[in-house]
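Here, each number is a calculation from the coordinates, and none is a lab measurement. Predicted model only: the values in this text are computed from it and were never measured. Note that each Cβ is placed from the backbone with ideal geometry, even for glycine, and that neighbours are counted across all protein chains shown.
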Amino acid sequence: MSRYSAAEIEAKWQDAWDQAEIFRATRSEDKPKYYVLEMFPYPSGRIHMGHVRNYTMGDVIARYKISTGHNVLHPMGWDAFGMPAENAAMAIGGHPKDWTYGNIDDMRAQMKPLGLSIDWSREFATCDPEYYGQQQALFLDMLTEGLVYRKNAVVNWDPVDMTVLANEQVEQGRGWRSGALVERRELTQWFFKISDMAEELLEALDGLENWPAKVRLMQENWIGKSRGLQFAFGLIDGPDGHDRIEVYTTRPDTLMGASFIGISPDHPLAKQLERENPDLAAFSAECRKGGTTEEAIETAEKLGFDTGLRVRHPFDTAWELPVYVANFILMEYGTGAIFGCPAHDQRDLDFARKYGLDVIDTFVALEGGTPVEDEAFVPQKSEKVRWLKAFGWDDEATGSEAIDAAIAFCESNGVGQGVTKFRLRDWGLSRQRYWGCPIPVVHCDACGVVPEKKENLPIRLPDDVTFDQPGNPLDRHPTWRDCTCPTCGKPARRETDTMDTFVDSSWYFARFTAPRADTPTDMAEANYWMNVDQYIGGIEHAILHLLYSRFFARAMHQTGHLPAKAIEPFDALFTQGMVTHEIYLTRDENNRPVYHLPEDVTDGRLADGSPVEIIPSAKMSKSKKNVVDPVNIIGAYGADTARWFVLSDSPPERDVEWTASGAEATFKHLARVYRIVSEIIADTSEAAQPEADEDLLREMHKAIHDVTVGIESFGFNASIARLYAFTNTLSKSTAGAGAKRQAATALAQLMSPMTPHLAEELWQLLGGTGLIANAPWPQADEAMLVDDTITLPIQINGKRRTEISVPKDMPKSEVEKIALGTDAVVKALDGAQPKKIIVVPGRIVNVVI
RNA sequence: GCGGGCGUGAUGGAAUGGUAGACAUAUCGGACUUAAAAUCCGAAGGGCUUACGCCCGUGUGGGUUCGAGUCCCACCGCCCGCACCA
């Protein structure tokens, strides 16, 4: 009997699949279609275990759907534009293009041995001119539809390198290369009008039933619909053109507790005052230091500058409030101005204490509670409070009712109006970088900003660029910028900004339906294949990528590139967890950590015997060296072992920890399955007892049922646990050769989505017809799933005391009688009557004493 | 700071509000072997008890329920995202 040789088996069956072209997707109306997609990778050059886990999950679904009679589309491509290619060019020389395509070749070669059921004929990279040219066409169509526009927006500016920095390139407020303090600077940039669709993107979340609730909730909060009051404070002796300050608040019920007005340093009034007031100019300059992230702004120390200006309270014109410029107010949200109510908002209270401002309690003092000191009084949303007492009302209302009532009250008194606002901002797509999709517009002195003609697409990136200095090489290219105006034909300048790489990934799923079409999509193909039936990727994409894709699908429908049914492009979404590994480190003479690769550590020691510190279960990262290269694992154990392991142990949505012992154990298990099945094939015995056949087949049907449920519900770990149990049952079974072969065949089929190579081999050994990949999925016989006798636990006061064995459909009253007759219950009752007996049929009996 | 999530044996984890710890790893014992490996069989949450059993136990504290790992409230810890990382 031969032994399990993964290398041999895997090469053999991958060839067989290639020969038969069984994963090539072709439009066909005689089968239901199924589109399964994993978030495509960035071509860093090496695949990692996270990729293996992601693609294996998609592969299990794809293979399962093939065997349940679906026409499956399972494509793969590369999210190939982005900063790392430029960083590599700067660090080690070479060209981003060569680096990227070289990485793609490497990664494809590392990925193919996994035996994924991918239609490689549809592969593309977003940096292919054939792809980004179509993206430019989409951009032009969106421009025509009014979905794109230009406006000013702030970027991170490195004053030493004189260049724009990505958030990732800002470390503790400083540029990562120059070390200079970063400033916020305004640039004119292109924007997608995603905010116009805020309401629709929000409403449509309800229909995404097969998305994780947490992702829908995160998107809902991100879109951030709020109902509030917009009104004005009259400005006393304001500078020219400013007689009022418009304010938006979601807490109009606290208006009588207002004690100051805060405006953003970028507010027009602040900018005007800045010109005449050097102290304020200095303060605002200070506010503009640091990065642009919301995190940086929100966690920075709250600073304010008293402008000396005063406003009048709308309900009491004798009541004057000071106007501060404050660093925590964002010009992008609301009107860029707020009123502060220290008694009922912690941030405002901290600010008021710091600058010695009034704290006007509109609730606690009125109700006779403890006055506000260091903690603002913010009631629970559901708490009924007399918020409006300050307005002279006596009605009780909960938080949102109180706010609606306050808005109505203000409106009826001529103070502002209720408005709905969204937190969602328009999507800035301009990037001052080379390795991205060129924005297809030109700047003409006579005609202004002019779209490029479609027949000139793709606007290709020039190859002759250098990365020896900071900034965008397109800006300093000698000739690339020179062009003629598409409108007047005079000399003009090409736009040198490229698109955010999120644009590339916002429509690739649609392109996969017709990757070689000479329009962005082919409507016949898109109509057949869309939507993505199952999308799989990391939770880190819960908001941006998934929201942008939802926006793009709508925009593509509006511009005639997708059918109406595809405006929500992902029918079902699954967010998988990461692959983690322990971190091993020692300390150098300065007590700084020195990291060690897992393969250099055995039983907590290095080769020289010195012990290592172990940090448990962290995300695999090159800098911490806690990485396991899938290529090595496949070389040592085979792809089936890698695939099985990343699916076992942890539920797919949670992190899974890679361990060497786990991989070893997985390999042993697969070898065991191979051995057990080989023995079954050699065996010709009859069953010792006929019941043994019956028992085994019963277990087989239960396994078919449970494994199928597991796959359909993304419970791959549960399916695998069930397969372990079924393998143990099979190995111990005393059934005859026929029943065992039947069970072994089912086992191979149930394993086939996870370990397709081994399954093909077993299928062949067992005499199966054709490829197991094409064989129909086994069906569980319902009648075989239920045992005639069940075990019911008996609880006394909710604690398990004993159990009884009863026929599965015994009536409640009978069960009750038997339960009351058990020794444990008789003893516990001690002659008394039970207070209550709860019988949950088929589940449990609880006797309350 | 804001938004979202997670927390169960030595370890990864299982458990439609219904027997907590399935399945696996590591460990220990046994069989086979000259021996080891491989393989096969078995034990195993903690405590008390000769035993029958009993008590405790799902981050902490409270609550709802006949019954809570699961639902609610508060807290602690860790993770993800925060609009120019992909």
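Computed quantities for the displayed model
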| read-out | value |
| --- | --- |
| Amide hydrogen neighbours beyond the local backbone of A:I583, cut-off 5 Å, H modeled | A:I615, A:S617, A:A618 |
| Gain on full stretching of the segment that runs from A:L785 to A:L330 - 0.36 nm per residue minus C-alpha separation | 157.7 nm |
| Contact order relative to length of the range A:769-839, as percent, for alpha carbon pairs under 8 angstrom and 6 or more apart | 21 |
| The range A:18-73 versus the range A:495-509: alpha-carbon centroid distance in Å | 25 |
| On Cα atoms only, tilt of A:660-682 relative to the major axis of chain A in degrees | 30 |
| Under 5 Å, built H, 5+ apart or other chain: amide partners of A:V656 | A:M578, A:V579, A:T580 |
| Dipole moment magnitude, nearest 20 debye, chain A about Cα centre, only Lys, Arg, Asp, Glu C-beta charged | 660 |
| Loop-resident sites, the range A:615-698, for trypsin sites (Lys or Arg not before Pro), counting at most 15 other Cβ within 10 Å (DSSP) | A:R654 |
| Neighbour-count ranking [beta-carbon atoms within 10 angstrom, fewest first] of A:C437, A:C410 | A:C410, A:C437 |
| Gain in span if fully extended, A:V160 to A:D655, counting 0.36 nm per residue against the direct Cα distance | 174.1 nm |
| Charge sum, other residues only, whose C-beta stays under 10 Å from A:R801's C-beta, Lys/Arg counted +1 and Asp/Glu -1 | +1 |
| Integer Hz, Karplus 6.51/-1.76/1.60 couplings in order for the range A:582-589, x for Gly and Pro | 4, 9, 10, 8, 10, 10, 8, 5 |
| Förster radius 56 Å - calculated FRET efficiency between A:H242 and A:E540 (Cβ-Cβ, nearest 0.05) | 0.80 |
| Residue order, fewest to most surrounding Cβ atoms within 10 angstrom, among A:S506, A:S178 | A:S178, A:S506 |
| Angle between chain A longest axis and helix A:716-732 axis [Cα atoms, degrees, rounded to 10] | 10 |
| Fraction of beta bridges assigned by DSSP in the range A:515-655 that are antiparallel (%, nearest 5) | 70 |
| Karplus-derived 3J(HN,Hα), 6.51/-1.76/1.60, for each residue of the range A:33-47, Hz, glycine and proline x | 8, 8, 10, 10, 9, 9, 4, 6, x, 7, x, 6, x, 10, 7 |
| Table column - 3J(HN,Hα) (Hz), the range A:301-318, Karplus curve with 6.51, -1.76, 1.60, x for Gly and Pro | 4, 6, 10, x, 9, 6, 6, x, 6, 10, 10, 9, 5, x, 9, 7, 5, 7 |
| Rounded D (µm²/s) - the range A:183-298, Kirkwood Rh over Cα pairs, Stokes-Einstein at 37 °C, 0.692 mPa s | 182 |
| Sum of side-chain charges, A:S117 neighbourhood, beta-carbon under 9 Å (Lys, Arg +1; Asp, Glu -1) | -1 |
| For the range A:151-281, with +1 on Lys and Arg beta carbons and -1 on Asp and Glu, the positive-most of A:T188, A:S259, A:W157 along the dipole | A:W157 |
| Selection from A:F231, A:T299, A:W176, by position along the positive dipole direction of the range A:171-310 (Cβ) | A:W176 |
| Loop-resident sites, the range A:456-531, for trypsin sites (Lys or Arg not before Pro), counting at most 16 other Cβ within 10 Å (DSSP) | A:R460, A:R516 |
| Where labels lie 7 Å past Cα in the beta-carbon direction, separation of A:K835 and A:D629 in nm | 6.7 |
| Computed E for A:A688/A:R801 - FRET, C-beta separation, R0 30 angstrom, nearest 0.05 | 0.20 |
| For chain A, the longest site-free run once GluC sites (Glu not before Pro) in DSSP loop states with at most 15 other Cβ atoms within 10 Å are removed | A:397-588 |
| Fraction of beta bridges assigned by DSSP in chain A that are antiparallel (%, nearest 5) | 80 |
| Dipole moment magnitude, nearest 20 debye, the range A:194-264 about Cα centre, only Lys, Arg, Asp, Glu C-beta charged | 340 |
| Proximal lysines relative to A:K565, as straight alpha-carbon distance under 20 Å, when same-chain residues fewer than 8 apart are discounted | A:K31, A:K33 |
| Chymotrypsin sites (Phe, Trp or Tyr not before Pro) lying in DSSP loop within the range A:197-249, provided at most 14 other Cβ fall within 10 Å | none |
| Antiparallel %, DSSP beta bridges [both residues in the range A:702-849], to 5 | 80 |
| Cα-based helix-to-principal-axis angle, A:96-111 vs chain A, degrees rounded to 10 | 20 |
| Helix-only CD estimate at 222 nm, as mean residue ellipticity for chain A, using -39500 (n - 2.57) per DSSP H run (n ≥ 4) | -11000 deg cm²/dmol |
